[in-house]
1. Just the ratio, please: alpha-carbon radius of gyration of segment 152-302 over 2.2 N^0.38 Å, N its number of residues.
2. Taking the highest mean first, how do the peptides 158-171, 30-43 order by number of other beta carbon atoms within 10 angstrom per residue?
3. Note down the magnitude of the dipole of segment 5-266 about its Cα centre, charges +1 on Lys and Arg C-beta and -1 on Asp and Glu C-beta and zero elsewhere, to the nearest 20 debye.
4. Counting pairs of alpha carbon atoms under 8 Å apart in space and at least six apart in sequence, what relative contact order in percent does segment 5-266 give?
5. When the Kirkwood hydrodynamic radius is evaluated over all pairs of different C-alpha atoms of the chain, what value in angstrom, to one decimal, is obtained?
6. Where does each of Trp71, Trp22 land when they are ranked from fewest to most other beta-carbon atoms within 10 angstrom?
Amino acid sequence: MPFGTRTLNDGRKIPEIGFGTWKIPQDACNGQVTQGIEVGFDHIDTAQAYQNEEQTGQAIAAAGLKREELWVTTKFSGRLGTGASAVRKSCLESLQKLGLDYIDLYLIHSPRLCDGDIRGTWKEMEKLKKEGLVKSIGVSNFEIKDLKVLLKHADIKPVVNQILYHPYVSASTQPLIDFQDDHDIAFEGYSGLIPLTGRQGGPVDKPVDEIAKRLGLQPEQVLLAWSRAKGAIIVTTSSRSDRLTRYLGVGDVKLTDEDIHSIDKAGRKGEEKEKVWQMCKTAGKVVLLGGLGVYGLAKYVL
Ligand SMILES: NC(=O)c1ccc[n+]([C@@H]2O[C@H](COP(=O)([O-])OP(=O)(O)OC[C@H]3O[C@@H](n4cnc5c(N)ncnc54)[C@H](OP(=O)(O)O)[C@@H]3O)[C@@H](O)[C@H]2O)c1
């Protein structure tokens, strides 16, 4: 089924795949966002922190689309200060930089930006929605404990939590996704291509390559199809138009249960390996510090 939209808990429909502007240099951003829109993306994901909202806005304006034809997400990232008092001015600045009357989805980029006051910060987000400056509100990088605090005090539930999601974190992220399902909070998955961009040579490569070969796809398409099959609204990006076209083609890719299971299994293996590696590193540090301590003590005593 081609990519369509997902209905959020406030009734609004978000396009199931978005083009992200993280790390795009300012001088390349207008061109890359324009390319994304031309290829067929109708969902742009930016943030105050990416420092390219202005160039993103220029590309949006130049595209000449009706406002309702493009979904624009941006995020409160703390560049004008953190905590409740910085939310409104940050949103106004993003609107001005993007050149928009409203933002489709406004996210708190990370719980740490709430300065320990999730309740107060979320109240400010709710006000923005009530005023119509933003149409939907959500969060990013929130854990279960953060969502629990938020939900306890919220009049309006977040529509999404945008989180890191790829096969090497999927098992440990599942409790969060289950919690979100129980509360009708969708999840957006970012950095889904980590097995190709940062963890090359890991156990996920083998099943992904085999599936790609069998279906005549590129590995990045298999990974995005896996994210989609797991329920993610995908947030990805590329500087290359051929890749962007292939990403959109993932809408027509159907993985079997066996395919999904084989990637899950390889991801779990990678997660376990990583855990063991981290434990060894910690143990190594303890031994080293202990050794230094004994050495220091010995020097002092003897
Ligand atoms: N909320 C948050 O905290 C947060 C954090 C991170 C990201 N995000 C959002 O998610 C978006 C995507 O993040 P991401 O860049 O980490 O996503 P990603 O989808 O994991 O990676 C995209 C990158 O993968 C590369 N790529 C694609 N196919 C490849 C292949 N076969 N081999 C090697 N590289 C390949 C692309 O490079 P080319 O340009 O060369 O094609 C592109 O730069 C961001 O722009 C941002 O909007 C949000």
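1. Cα-based Rg divided by the globular estimate yields 1.41.
2. 158-171, 30-43
3. Here segment 5-266 has a charge dipole of around 380 debye.
4. After rounding, I find 17 percent.
5. 20.7 Å
6. Working: Trp71 21, Trp22 14.
Going from sparsest to densest Cβ surroundings: Trp22, Trp71.
FYI, it's all coordinate maths here, none of it is from the lab. Remember, it's a predicted structure, so these values are computed and weren't measured experimentally. When we count neighbours, we look across all protein chains shown, and the Cβ atoms used for this are built from the backbone with ideal geometry, even at glycine.
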